[in-house]
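A short write-up of the structure that comes next.
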Amino acid sequence: YGTSTVIAHLTGDGSRARLHLLSYSRNRNQASLRVRVLGHYRPTALAAFGAASDARLADVRQPDNAATEFSVPAFNTIAIVDLDRVR
């Protein structure tokens with residue numbers, strides 16, 4: 001709910017998905033953010049430009065069987081998250 005804007009694009013098939021996050025933050029540094037994706041997923045990879053080399057998604061939860069939530073660490077401009085569907 002800050003002043004920065006992030007565009008999210010989710011692609012995938014029945015077994016996995018890829019989430020692209022593009023930041024339009026004025027200073028190009030996107031603070032960490034919380035993401036909610038419909039479906040039950042297990043995050044498998046994070047690639048985030050400008051993030052620490054050991055950066056990981058945090059606080060992964062499935063509050064119900066209809067969605068997956070996680071926090072993405074601070075990054076510059078773009079981050080990509082790979083997700084595997086959990087059945």
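The values are calculated or read from the model by the stated rules, or taken from the named source; none is laboratory data. As the structure is a computational prediction, the values presented were derived from the model and not from experiment. Heads up, the Cβs are rebuilt from the backbone with ideal geometry, glycines too, and the neighbour counts pull from every protein chain shown. Side chains are part of the model used for accessible areas, which takes the heavy atoms of the whole protein and leaves out ligands, DNA and RNA. Shrake-Rupley method; radii C 1.70, N 1.55, O 1.52, S 1.80 Å.
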Quiz prompt | For Val6: the one exception among (1) surrounded by 11 or more Cβ atoms within 10 Å (Cβ to Cβ); (2) of a type in the set (Val, Ile, Thr); (3) without any contact (Cβ under 8 Å) to a residue 24 or more places away in the chain | solution = (3)
Exercise. Considering only residues that are more than 16 Å from Val6 (Cα to Cα) and open to solvent by less than 70 Å² (accessible area, probe 1.4 Å), look in region 63-80 and name the one that is modelled with the lowest pLDDT.
Key: Asp64
Practice problem: Take the residues in region 32-57 that are open to solvent by 100 Å² or more (accessible area, probe 1.4 Å) and more than 9 Å from the chain's Cα centre (by Cα), then tell me which one is modelled with the lowest pLDDT. | Solution: Ser53
Exercise. Would you list the strands (runs of 3 or more DSSP E) that sit entirely within region 36-87 and hold 3 or more residues that are closer than 18 Å to Leu10 by Cβ and among the charged types (D, E, K, R)?
Key: 78-85
Quiz item: Looking at Leu83, Leu21, which one is modelled with pLDDT of 95 or more and touching a Leu at 6+ places or on another chain (Cβ under 9 Å)?
Solution: Leu83
Self-check item: Pairs where the first residue, in region 12-25, is closer than 18 Å to Arg36 by Cα and the second is among the hydroxyl-bearing types (Ser, Thr, Tyr) and part of a loop (DSSP other than H, G, I, E, B), C-beta under 6 Å, 6+ apart
Solution: Ser23/Thr77
